[in-house]
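Structure first, then comments.
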Amino acid sequence: QVQLVESGGGLGQPGGSLRVSCEASGFTFSSYNMRWYRQAPGKPRELVASITSSGSTVYADSVKGRFTISRDNAKNTVYLQMNSLKFEDTAVYYCNANNLERNYWGQGTQVTVSS
């Protein structure tokens, strides 16, 4: 059974940091590209960051220089380190695993940036 389980969301302060994690099971994690998406209330889901199976990364302009995506294939886990948080980072963050044939989603974790 394929599972993507996000954790680590919660409340952060402007200028602060949070890290969200996504633990995968039920498929060959190391061969999948991994992505973090987010969706704020009333807005469409947007791609935040991606990391390929070989470790190449891409970021949305809105988070470039502030967020870092990484993966640990030994732990079947992908991370999103979020620094210099802004109010507009408030959203539900979703983990995604994909290759040419499959596309899997996690259930999401809430990140709220508030003072």
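The values are calculated or read from the model by the stated rules, or taken from the named source; none is laboratory data. Everything numeric here is computed off the predicted structure, so don't read it as measured data. No Cβ is skipped: glycine too gets one built from the backbone with ideal geometry, and neighbour counts run over all protein chains shown. Just the protein is used for accessible areas: all its heavy atoms, side chains included, with ligands, DNA and RNA removed. Shrake-Rupley method; radii C 1.70, N 1.55, O 1.52, S 1.80 Å.
If I filter segment 28-44 down to residues being open to solvent by less than 30 Å² (accessible area, probe 1.4 Å) and in a loop (DSSP other than H, G, I, E, B), which single residue comes out as nearest to residue 108 (Cα to Cα)? Taking the candidates together, the pick is 40.
Restricting attention to segment 7-22, and to residues there that are at pLDDT 95 or above and touching a Gly at 6+ places or on another chain (Cβ under 9 Å), which single residue is surrounded by the most Cβ atoms within 10 Å (Cβ to Cβ)? Of everything passing the filter in segment 7-22, 22 is surrounded by the most Cβ atoms within 10 Å (Cβ to Cβ).
Per the conditions (1) open to solvent by less than 80 Å² (accessible area, probe 1.4 Å); (2) touching a Lys or Arg at 6+ places or on another chain (Cβ under 9 Å); (3) of a type in the set (Lys, Arg), the sole criterion not satisfied by residue 71 is (2).
Annotation note: Cβ proximity below 9 Å between a residue of segment 58-77 that is without any contact (Cβ under 8 Å) to a residue 24 or more places away in the chain and over 15 Å from residue 88 (Cα atoms) and a residue that is assigned to a loop (DSSP other than H, G, I, E, B) and among the small types (Gly, Ala, Ser) (sequence gap 6+ or interchain) occurs for 59/65; 65/84; 70/55.
Of the strands (runs of 3 or more DSSP E) lying entirely inside segment 45-115, those carrying at least 2 residues that are among the aliphatic types (A, V, I, L, M), closer than 22 Å to residue 13 by Cα and within 15 Å of the chain's Cα centre (by Cα) are 46-51, 77-82, 91-98.
Can you find a residue that is open to solvent by less than 30 Å² (accessible area, probe 1.4 Å) and of a type in the set (Ser, Thr, Tyr) anywhere in segment 79-89? No. Residues that are under 17 Å from the mean Cα position of the chain (by Cα) and on the phi < 0 side of the Ramachandran plot within segment 1-15 comprise 3, 4, 5, 6, 7, 9, 11, 12, listed in sequence order.
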